[in-house]
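What follows is a set of notes on a single structure, which appears directly below.
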Amino acid sequence: MMAETKQKTESESHKRRNTILLAVVLLTVFGIGWLVQHRMLGNSGPAAVVQYNGEIIHRLPLNRETSVVVGDRDGDYNIVTVKDGKVSVTEANCPDQICVYIGQISTVEEVIACLPHGMIVYIEEEG
Amino acid sequence: MYTRRSGRKIAYLGLLTAAAMILSYVESLFPVFGGVPGMKLGLPNAAIVMVLYLYTWKEALLVSFVRILGVGLLFGNAFSMAFSIAGALLSLLSMVLVKKSGKLDCVGVSMIGGVMHNAGQILVAIFIVENARVGYYFFVLAISGLVTGLVIGLISGELVKRMRIAIRNDGSL
C-alpha cells in the first residue's frame with residue numbers, strides 16, 4: 001500500500017477533477033460531431049444499396065416496393081425489403097439477428113450492418 | 001505463506017472472472033440496446049476495472065481473456081469472440097496507459113475504457129464489411145461508452161474500496 005501511495009503523482013481529488021474535465025470535453029466534442037453529422041447527412045435518399053463482402057450487389061429504389069434475397073453458397077442469407085419508402089432486413093439466418101432488430105432505415109446517414117454475413121445496406125442519393 | 005496467499009488470489013480472480021462472465025451474459029440478453037447496434041452497458045468492464053485496481057494489468061488481461069473465451073464458448077461463437085477480443089484489448093490497453101499516467105482516477109479510467117471498447121469494435125466492423133460507413137455509429141457509441149463508462153467507474157471504485165478492506169482482513173486470518 002505504501003509503495004502505491006508514493007507512486008501517485010497527483011492527489012485523488014485532483015484526479016477526480018481531471019476526470020470530470022475530460023468527461024465534459026469529450027462529451028462536447030462527441031456531441032458536436034454527432035450534431036454536425038446529422039446536419040450534413042440528414043436528407044432522405046432514393047435508393048438502398050446492398051453491399052455484400054465489399055461488393056455492391058443491389059441498388060433498390062425506395063419508391064418501389066420490393067424484396068430481394070441475398071446470400072452465399074454456405075447458406076447464409078438476408079432478405080432485404082423495401083416498403084413505404086424505407087428499407088429493412090426482414091429475415092436473416094445470422095446468429096445475432098442485429099440486422100433484423102434494427103428495423104427500417106430511410107436516410108443516407110443510416111446503415112444496416114449484418115457483420116456475421118459481411119453485409120451492409122445503406123441509402124444513396126440519386127446519381 | 002506463499003501458497004496460502006497465491007491460493008487466495010486465485011480464488012478472488014476466479015470470483016471476479018465469474019462475475020464478469022455473468023455480466024456479459026446479462027448484457028447479451030439485449031442485442032440492440034437503445035436502437036444502435038453495439039451500444040452496450042459495458043457491465044463486464046466493472047469486473048475488469050476492479051481487477052486492474054486490486055491487482056495489476058497482467059491479472060486484468062488474464063481475467064478479460066478468460067471471460068471472452070468462456071462467454072464465447074458458452075453463449076457465442078468464434079465470430080463474437082474475435083469481435084469482443086478487439087474491443088476488450090483496445091479498451092484494456094488504453095485503461096492501463098491512462099492508469100499509469102496517474103492523471104485520472106478510477107472513474108476516468110473506466111470512462112476511457114468504455115469509449116475505446118466501442119472504438120475497437122467499430123474498427124473491426126469497418127474491416128469486416130469493408131466499408132467505412134459503419135463509422136456512422138462512432139459518435140453515438142462514443143457518447144454511450146463515455147456515459148456508461150462513468151457509471152461503471154463509480155460503481156467499481158466503490159467496490160474496490162470495500163474489496164481492498166476485505167482482502168486485507170482476509171490476509172490477517
Failed item, numbered, when residue B:104 is tested on (1) closer than 29 Å to residue A:99 by Cβ; (2) aliphatic (A, V, I, L, M); (3) facing chain A (nearest Cβ under 10 Å): (1)
Residues that are under 19 Å from residue A:118 (Cα atoms), of a type in the set (S, T, N, Q) and either at pLDDT 85 or above or assigned to a helix (DSSP H, G or I) (or both), drawn from region B:121-164: B:121
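Of the residues that sit in region B:9-66 and are charged (D, E, K, R) and touching an Asp or Glu at 6+ places or on another chain (Cβ under 9 Å), which one is modelled with the lowest pLDDT?
Here is the first cut: in region B:9-66, the residues charged (D, E, K, R) are B:9, B:27, B:40, B:58-59.
With touching an Asp or Glu at 6+ places or on another chain (Cβ under 9 Å) added as a condition, the list becomes B:9, B:40.
Numbers: B:9: 88, B:40: 81.
Ranking the qualifying residues of region B:9-66, first place goes to B:40.
Out of everything in region A:8-58 that is part of a helix (DSSP H, G or I) and aromatic (Phe, Trp, Tyr), what residue ends up being modelled with the lowest pLDDT? Give the derivation first.
Let us first name the residues in region A:8-58 that are part of a helix (DSSP H, G or I), namely A:12-41.
Within this subset, residues satisfying the condition of being aromatic (Phe, Trp, Tyr) are A:30, A:34.
Numbers: A:30: 93, A:34: 86.
Among those that are part of a helix (DSSP H, G or I) and aromatic (Phe, Trp, Tyr), it is A:34.
Condition check: of a type in the set (A, V, I, L, M) and farther than 14 Å from residue B:134 by Cβ. Does residue A:121 satisfy that? Can you show your working first?
Working: of a type in the set (A, V, I, L, M): yes; farther than 14 Å from residue B:134 by Cβ: no.
The answer is no for residue A:121.
Which one of these is in contact with a Phe, Trp or Tyr (Cβ under 9 Å, 6 or more places away or on another chain) and part of a helix (DSSP H, G or I): B:115, B:107? If you could, list the steps in order and put the result at the bottom.
Details: B:107 fails: in contact with a Phe, Trp or Tyr (Cβ under 9 Å, 6 or more places away or on another chain).
So the residue among B:115, B:107 that is in contact with a Phe, Trp or Tyr (Cβ under 9 Å, 6 or more places away or on another chain) and part of a helix (DSSP H, G or I) is B:115.
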Test: residue in region B:60-75 that is within 14 Å of chain A (Cβ to nearest Cβ), surrounded by fewer than 18 Cβ atoms within 10 Å (Cβ to Cβ) and at positive phi: no
Tally of residues being over 11 Å from the mean Cα position of the chain (by Cα) and part of a strand (DSSP E or B) across region A:86-112: 8
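So that you can scan it fast, the table gives a plain yes or no per residue for (1) more than 7 Å from chain A (Cβ to nearest Cβ); (2) β-branched (Val, Ile, Thr); (3) in contact with a helix residue (DSSP H, G or I) (Cβ under 6 Å, 6 or more places away or on another chain):
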{"site": "B:120", "(1), (2), (3)": "yes, no, yes"}
{"site": "B:131", "(1), (2), (3)": "no, no, no"}
{"site": "B:152", "(1), (2), (3)": "yes, yes, yes"}
{"site": "B:156", "(1), (2), (3)": "yes, no, yes"}
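Pick from B:76, B:42, B:70: which is touching a residue at least 24 places away in the same chain (Cβ under 8 Å) and either among the charged types (D, E, K, R) or in contact with a Gly (Cβ under 7 Å, 6 or more places away or on another chain) (or both)?
Working: B:76 fails: either among the charged types (D, E, K, R) or in contact with a Gly (Cβ under 7 Å, 6 or more places away or on another chain) (or both); B:70 fails: either among the charged types (D, E, K, R) or in contact with a Gly (Cβ under 7 Å, 6 or more places away or on another chain) (or both).
The match here is B:42.
Only one of these is of a type in the set (A, V, I, L, M), at the interface with chain B (Cβ under 9 Å from one of its Cβ atoms), more than 16 Å from the chain's Cα centre (by Cα) and closer than 30 Å to residue B:111 by Cα: A:27, A:115, A:35. Name it. I'd like the intermediate steps shown before the answer.
Details: A:115 fails: more than 16 Å from the chain's Cα centre (by Cα); A:35 fails: more than 16 Å from the chain's Cα centre (by Cα).
None of the other options fit; the residue is A:27.
So how many residues does region B:72-104 have that are outside any helix (DSSP H, G or I) and under 17 Å from residue B:45 (Cβ atoms)? It would help to see each step written out before you state the result.
Let us first name the residues in region B:72-104 that are outside any helix (DSSP H, G or I), namely B:76-77, B:102-104.
Imposing the further condition that a residue be under 17 Å from residue B:45 (Cβ atoms) reduces the set to B:104.
Within region B:72-104, residues that are outside any helix (DSSP H, G or I) and under 17 Å from residue B:45 (Cβ atoms) number 1.
The values are calculated or read from the model by the stated rules, or taken from the named source; none is laboratory data. These figures come from a predicted structure and were not determined experimentally. Glycine also receives a Cβ, built like all others from the backbone with ideal geometry; neighbour counts cover every protein chain displayed.
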